[in-house]
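The values are calculated or read from the model by the stated rules, or taken from the named source; none is laboratory data. Keep in mind the model is a prediction, meaning the values are calculated, not measured. As a convention, Cβ positions derive from the backbone with ideal geometry for all residues, glycine included, and neighbour counts pool all protein chains shown.
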Amino acid sequence: MCSDLAGVPLARAAASSSAFPGGLTALTFQNYAGSCGYRQPAWVPLAAEDHASRVNPRRTARADNRLSLAEVVQTQGQGAGRPARPYIHLTDGGVADNIGLRGPLDAIASTNHPWSVLQLMNRKLVGKLVVIVVNAATNPATERDRSAAVPGLIDTLTTAATVPLDNYTFDTVELLRKTVDEFDTDARLVEDCNRLSARRGAQCALQLPAPHKVELYPIQVAFEYIGAAEERAWFKNLPTNFELPRESIDRLRAVGRRLLSEDPQFQNLLKALNGSPPPAR
């Protein structure tokens, strides 16, 4: 987009993040594509031409989106072209990724990401990878199922917006767990092959190069993990407002700190940082 992000106030970014469709209007940003000599990474045009193979549709979709943002239309009689999409309208990112985990997941699993963590792993620059997922989703109690009356328009629209969000959030967290398991599985396969081949004698030993081991700590902080039912219900019934009472804010800070300290993976991380070996998976 060739934008100078240093000139964008933080308040404007926060407002974009709060612009939930239907509740608030989208924020408009000007697109300056074509004015700064930006060149797409080599993988982008290759991925954009790879629709038919169906090998990595997510990668292809990312490439198409990048190209559409940077596309320039040549204007007759003028040297420089103009952006095909001169304006970009931003809304609440929760519609696409309510906990902001998809970007980090792409960075962990792909070498094509602008800040690829996988590249750092392959270069043996990462020994411990910590991912802290904070999910502040609420689930307020409603009266709709206490009556035979058909739910109203606002109630229906709210449910239609939040239920898919909750399901998508759950799937994203599960994808993080799957990514962690894949790293562990690859490392175990190499170790097992080397061990089994060595049992048949030195002449049969494969001596496959062991992959660089990375200790992964997926940590989750969510109201769902509050043990006491009454306390859990209190937090899950908090309203989504721009302003909360000071008492509620103090309780949120305290429970967040507590849930973090109680998370098993966080406890494993502290032990590892203090010199204890990581737990066997």
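Go through the residues of the range 47-70 one by one and say whether even a single one is assigned to a loop (DSSP other than H, G, I, E, B), exposed (fewer than 14 other Cβ atoms within 10 Å of the Cβ) and in contact (Cβ under 8 Å) with a residue 40 or more places away in the chain.
First pass over the range 47-70, keeping only residues assigned to a loop (DSSP other than H, G, I, E, B): 49-56.
If we keep only those that are exposed (fewer than 14 other Cβ atoms within 10 Å of the Cβ) as well, we get 49, 51-55.
Then keep just the ones that are in contact (Cβ under 8 Å) with a residue 40 or more places away in the chain; that gives none.
Within the range 47-70, none of the residues are assigned to a loop (DSSP other than H, G, I, E, B), exposed (fewer than 14 other Cβ atoms within 10 Å of the Cβ) and in contact (Cβ under 8 Å) with a residue 40 or more places away in the chain.
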Requested in this report: Can you give me the ranges of the helices (runs of 4 or more DSSP H) entirely in the range 190-281 with at least 1 residues that are hydroxyl-bearing (Ser, Thr, Tyr)?
Outcome: 246-262
Report task. Report yes if some residue within the range 11-27 is at pLDDT 85 or above and in contact with a Cys (Cβ under 7 Å, 6 or more places away or on another chain); otherwise report no. Result -> no
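Would you check if residue 42 is out of contact with any strand residue (DSSP E or B) (no Cβ under 7 Å at 6 or more places or on another chain) and not polar (S, T, N, Q)? First the steps, then the outcome.
Details: out of contact with any strand residue (DSSP E or B) (no Cβ under 7 Å at 6 or more places or on another chain): yes; not polar (S, T, N, Q): yes.
Taking the combined requirement at face value, the residue satisfies it.
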Requested in this report: Only residues that are surrounded by 10 or more Cβ atoms within 10 Å (Cβ to Cβ), in contact (Cβ under 8 Å) with a residue 60 or more places away in the chain and aromatic (Phe, Trp, Tyr): list them for the range 229-248, please.
Outcome: 235
Report task. Report the residue count in the range 190-242 for those that are at pLDDT 80 or above, under 24 Å from residue 127 (Cα atoms) and not acidic (Asp, Glu). Result -> 11
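Conditions (1) surrounded by 12 or more Cβ atoms within 10 Å (Cβ to Cβ); (2) of a type in the set (A, V, I, L, M, F, W, C); (3) assigned to a loop (DSSP other than H, G, I, E, B); (4) touching a residue at least 24 places away in the same chain (Cβ under 8 Å), marked per residue:
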site: 3; (1), (2), (3), (4): yes, no, yes, yes
site: 6; (1), (2), (3), (4): no, yes, no, no
site: 11; (1), (2), (3), (4): no, yes, no, no
site: 16; (1), (2), (3), (4): yes, no, no, yes
site: 20; (1), (2), (3), (4): yes, yes, yes, yes
site: 35; (1), (2), (3), (4): yes, no, yes, yes
site: 41; (1), (2), (3), (4): yes, no, yes, yes
Report summary line: Reported set for the range 115-169 where residues are under 21 Å from the mean Cα position of the chain (by Cα), loosely packed, with under 11 Cβ neighbours inside 10 Å and either modelled with pLDDT of 75 or more or not in a helix (DSSP H, G or I) (or both) is 115
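More than 19 Å from residue 220 (Cβ to Cβ) and either in contact with a strand residue (DSSP E or B) (Cβ under 6 Å, 6 or more places away or on another chain) or among the charged types (D, E, K, R) (or both): does that describe residue 85? So that I can check it myself, show each step before the final result.
Details: more than 19 Å from residue 220 (Cβ to Cβ): yes; either in contact with a strand residue (DSSP E or B) (Cβ under 6 Å, 6 or more places away or on another chain) or among the charged types (D, E, K, R) (or both): yes.
Answer is yes for this residue.
Residue by residue, here is whether (1) in contact with a His (Cβ under 8 Å, 6 or more places away or on another chain); (2) under 18 Å from residue 93 (Cα atoms) holds:
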| residue | (1), (2) |
| --- | --- |
| 2 | no, no |
| 14 | no, yes |
| 27 | yes, yes |
| 34 | no, no |
| 44 | no, no |
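Mind telling me which of the residues 42, 33 ends up being among the small types (Gly, Ala, Ser) and out of contact with any helix residue (DSSP H, G or I) (no Cβ under 7 Å at 6 or more places or on another chain)?
Values: 33 fails: out of contact with any helix residue (DSSP H, G or I) (no Cβ under 7 Å at 6 or more places or on another chain).
Checking each option against the conditions leaves just 42.
Pick from the range 94-114 the residues that are of a type outside the set (Val, Ile, Thr), surrounded by fewer than 15 Cβ atoms within 10 Å (Cβ to Cβ) and in a loop (DSSP other than H, G, I, E, B): which of them is modelled with the lowest pLDDT?
Initial filter on the range 94-114 (of a type outside the set (Val, Ile, Thr)): 94, 96-98, 100-107, 109-110, 112-114.
This time we only want the ones that are surrounded by fewer than 15 Cβ atoms within 10 Å (Cβ to Cβ), so: 96, 100, 103, 114.
With in a loop (DSSP other than H, G, I, E, B) added as a condition, the list becomes 100, 114.
Values: 100: 80, 114: 76.
Once the filter is applied, the top-ranked residue is 114.
Would you tally the residues in the range 102-127 being out of contact with any helix residue (DSSP H, G or I) (no Cβ under 7 Å at 6 or more places or on another chain) and under 19 Å from residue 183 (Cα atoms)? Spell out how you get there, then give the answer.
To start, the set of residues in the range 102-127 that are out of contact with any helix residue (DSSP H, G or I) (no Cβ under 7 Å at 6 or more places or on another chain) comprises 103-104, 106, 114, 119-125, 127.
With under 19 Å from residue 183 (Cα atoms) added as a condition, the list becomes 103-104, 106, 119-125, 127.
Total meeting the criteria: 11.
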